Amino acid sequence: MKIRRLLLVSVSVASLITATGAADAASSYVSIFGGASLLQKPGLKGVSHTHSTTTYTFISHQSVDTSFKTGFVVGGNWGVDWGTFRTELEAAYHGQNSNKSGRVTTSYQLGPIGGPATTTISSKDVVEPTNISLNAYSIMANVWYDFHDFAGSGITPYVGAGIGLAQVQIGGSINNKRLIEKNDYTFAWQVGAGVSVPIFNDVKLFVDYRYFAADGANLKLAPGFHGGDVKADFDSNEVLVGFRFDI
């Protein structure tokens, strides 16, 4: 149901984009872009896992605290230019890889069946080698407002925002224990600003900054981790360069 609602939002916005009206001198375009992405500390927060038998209740809890290297973004879109604003559909891949180590916190508690697991049987907070990839595939519906021929310079600044759907995926290894590649779908949004300049009759070069967010993905660390689920917030600062082609 969660995925269905998110897809409904994206489809609704896409319908608005394509049906904003046959007004004025609307023209279509396609774009390709790429650039750098700096992932904010995602805080892979542990999700407690409870296992009960006829004699005891067992709870495990884990979290990973690691920083990520500068990643990359590649993507493209199809849009409509309505004159003062543009609407577009965008698909992109956001790739990130962790540094070589991270702090891993693990605790296990035990208790009687039907009661709280209050007895700590194991707890550790250690720095371990990590090689984690945290990636996101996104489909976005964007709206941009253009300030044409700003101050007679021929340059067009713009601002905008978008909403959509992201698939966040985790993989790699912790302490040489290979992680299952696990993904989850979540709501995504972005805001940004940039400038474009014509370089040929039907081609524009653009540079922009975006803040992209896809929060609350529920991912798994297993195997090798007892109930190792984490909540991941994929928030990144992105600087992009691309080309827009009128069609």
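Every number in this text was worked out from the coordinates using simple rules, so none of it is lab data. These numbers come from a predicted model, not from an experiment. Counting neighbours? That spans all protein chains shown, and the Cβs are built from the backbone with ideal geometry, glycine included.
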Neighbours of Phe33 by Cβ distance under 15 Å: Lys/Arg at +1, Asp/Glu at -1, summed charge 0
Heads up, the range 101-170 by the C-alpha gyration tensor (a ≥ b ≥ c square roots of eigenvalues; a/c under 1.5 rounded, else a/b over b/c prolate, else oblate) looks prolate
Pseudo-spin-label distance Thr120 to Ser101, built 7 Å along Cα→Cβ, given in nm, is 2.3
Row for the range 119-247, column shape: gyration tensor on C-alpha, a ≥ b ≥ c, rounded if a/c < 1.5 i.e. under 1.5, prolate if a/b over b/c, else oblate; value prolate
Over 22 Å (Cα to Cα) among Lys45/Lys100; Lys69/Lys124; Lys124/Lys182 -> Lys69/Lys124; Lys124/Lys182
Charge dipole of the range 53-149 built from unit charges on the beta carbon (Lys, Arg +1; Asp, Glu -1), centred at mean Cα; most positive-end Cα among Ala141, Gly79, Thr119 is Thr119
Length-normalised contact order of the range 43-104, Cα under 8 Å, at least 6 apart, in percent, tallies to 32
For the range 44-156, shape from the Cα gyration tensor axes a ≥ b ≥ c, cut at a/c of 1.5 then a/b versus b/c, turns out prolate
